[in-house]
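Asker: Before I ask anything, let me first share the structure, which is written out below as structure tokens.
The values are calculated or read from the model by the stated rules, or taken from the named source; none is laboratory data. A quick note: this is a predicted structure, and the numbers were derived from the prediction, not measured. Positions of Cβ are generated from backbone atoms using ideal geometry, with glycine treated the same way; all protein chains shown enter the neighbour counts. Side chains included, ligands, DNA and RNA excluded: accessible areas come from the protein's heavy atoms. Shrake-Rupley method; radii C 1.70, N 1.55, O 1.52, S 1.80 Å.
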Amino acid sequence: MLLSVRQRRILADMGIPIWRLRDTSAAGIASSGGEVPAFGSPAAAPEFGTVAQDAAVEILDWEALEARVRDCQACTVLARDRTQTVFGVGDRRARWLFIGEAPGAEEDRRGEPFVGRAGQLLDNMLMALGLDRHHDVFIANVLKCRPPGNRDPKPEESAACREYLDRQIALIQPEVIVALGRIAAQSLLESEEPLGRLRGAEHHYQGVPLIVTYHPAYLLRKPGDKARAWQDLQRARACLT
Ligand code: URA
């Protein structure tokens, strides 16, 4: 992969040495179509290609899952205060799944995860890997609604939202999950260990290898840790089959 001047600047800004980066930009990208409609279960609608309104989340197809999330009222306060839910963005057949904490103000306004300053850094991290948020990458959060005042998600909110994330994982079938930051890592791994102890190892979530790294918002405050984040991303890349 030949790096442009802009890419070189971004890598330098991330504290990443420029070796020969593997070009994965075209690898493993499948069309986003081809989802299998839910059928064959008593809870599914009888008609092929449609899903009953009250079907279990674990059998929903993408369209029905998106609608279910959009209408979710499980957390009264979050549902009341949100502008909209933030479902996730990217390639629905991605090998890479990045999971953050929860939408912030900008994400709540635009309906897309990681679109603020932290999101720009995440995009740069993806670019350093030869990726972008629409190809071979899906980005989601532990919570699909913005917590008021950007407070941490409550455990019961994360628990209520988990079946949506789990269904997304089942539909995507990623080869690696990257947990962005302490909250996402602790929530997914059901751990109270600090981030520093969760980094540097291969964990698993739903049978998928999971790597923990710093949240991009933290890296904006502590750019000195970008090189460590790059090590985490290399570890994640090594999980790809
Ligand atoms: N921080 C997150 O964890 N997720 C977002 O979508 C935006 C900021």
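Asker: What list of ³J(HN,Hα) couplings, whole Hz, do you get for the stretch 211-224 from phi and the Karplus terms 6.51, -1.76, 1.60, once you set θ to phi - 60° and write x for glycine and proline?
Answerer: 10, 9, 9, 5, 6, x, 5, 5, 5, 5, 7, 10, x, x
Asker: Taking only protein heavy atoms into account and a 1.4 Å probe, give the accessible area per residue of the stretch 44-174 in Å².
Answerer: Values: 5660 Å² over 131 residues.
For the stretch 44-174, the per-residue accessible area is 43 Å².
Asker: Something else: So for 76, 241, what's the accessible-area order with a 1.4 Å probe, most first? Spell out each step's value before the answer.
Answerer: Details: 76 110, 241 145 Å².
Ranking 76, 241 by accessible area, largest first, yields 241, 76.
Asker: While we're on this one: Indicate the gyration tensor shape class of the stretch 109-187 (rounded, prolate or oblate), computed on the Cα atoms with a ≥ b ≥ c the square roots of the eigenvalues: a/c under 1.5 is rounded; otherwise a/b larger than b/c is prolate and the rest oblate. Working shown, then result.
Answerer: On the way: a/c = 1.87, a/b = 1.28, b/c = 1.47.
It comes out oblate by the Cα gyration axes.
Asker: Looking at 57, 69, 213, which one has the Cα that reaches farthest to the positive end of the dipole of the stretch 45-238 (charges on Cβ: Lys, Arg +1; Asp, Glu -1)?
Answerer: My answer, from the dipole projection, is 213.
Asker: Within straight cross-link reach of residue 144, meaning Cα distance under 17 Å, which lysines are found once same-chain residues fewer than 8 apart are removed?
Answerer: Of all the lysines, those that pass the test against residue 144 - Cα under 17 Å, at least 8 places apart if same chain - are 154.
Asker: Right, here's the next one. What per residue convex hull volume, in Å³, do the alpha-carbon atoms of the stretch 45-238 yield? Intermediate results must be reported in sequence, preceding the final value.
Answerer: Working: hull volume 22.1 nm³, N = 194.
Convex hull of Cα atoms, per residue: 114 Å³.
Asker: Mind grabbing the accessible area of residue 193 for me, 1.4 Å probe, Å², rounded to tens?
Answerer: 80
Asker: What is the percent carbon and sulfur in the accessible area of the stretch 45-238, measuring with a 1.4 Å probe over the protein chains and ignoring ligands?
Answerer: On the way: 3820 of 8560 Å².
Summing carbon and sulfur atoms, their accessible area is 45 percent of the total for the stretch 45-238.
Asker: For the stretch 125-241, list log₁₀ I(q)/I(0) at each q in 0.16, 0.23 Å⁻¹, using the Debye formula over Cα point scatterers of equal strength and ignoring solvent, two decimals each.
Answerer: Ignoring solvent entirely, the Cα scatterers give -0.79, -1.62.
Asker: Continuing with this model, one more query. How high is the relative contact order of the stretch 45-238? Use alpha-carbon pairs under 8 Å, at least six apart in sequence, and give a whole percent.
Answerer: Numbers: 324 pairs, mean separation 43.0, N = 194.
Contact order relative to length: 22 percent.
Asker: Given the protein chains as shown and a 1.4 Å probe, how many square angstrom of residue 131 are accessible, to the nearest 10?
Answerer: Approximately 10 Å² of residue 131 is accessible to the 1.4 Å probe.
Asker: Another one. Mind grabbing the accessible area of residue 222 for me, 1.4 Å probe, Å², rounded to tens?
Answerer: Accessible area, nearest 10 Å²: 110 Å².
Asker: Using unit Cβ charges (K, R positive; D, E negative) and no other charged atoms, how large, in debye to the nearest 20, is the dipole of the stretch 45-238 about its Cα centre? Write out the running numbers ahead of the final one.
Answerer: On the way: 26 positive and 29 negative charges, 165 e Å.
Charge dipole, the stretch 45-238, about its Cα centre: 800 debye, nearest 20.
Asker: Amide H to amide H, which residues 5 or more places from residue 205 or on other chains are under 5 Å from it, using H placed in the peptide plane?
Answerer: Here the answer is 210, since their amide H atoms fall under 5 Å of that of residue 205.
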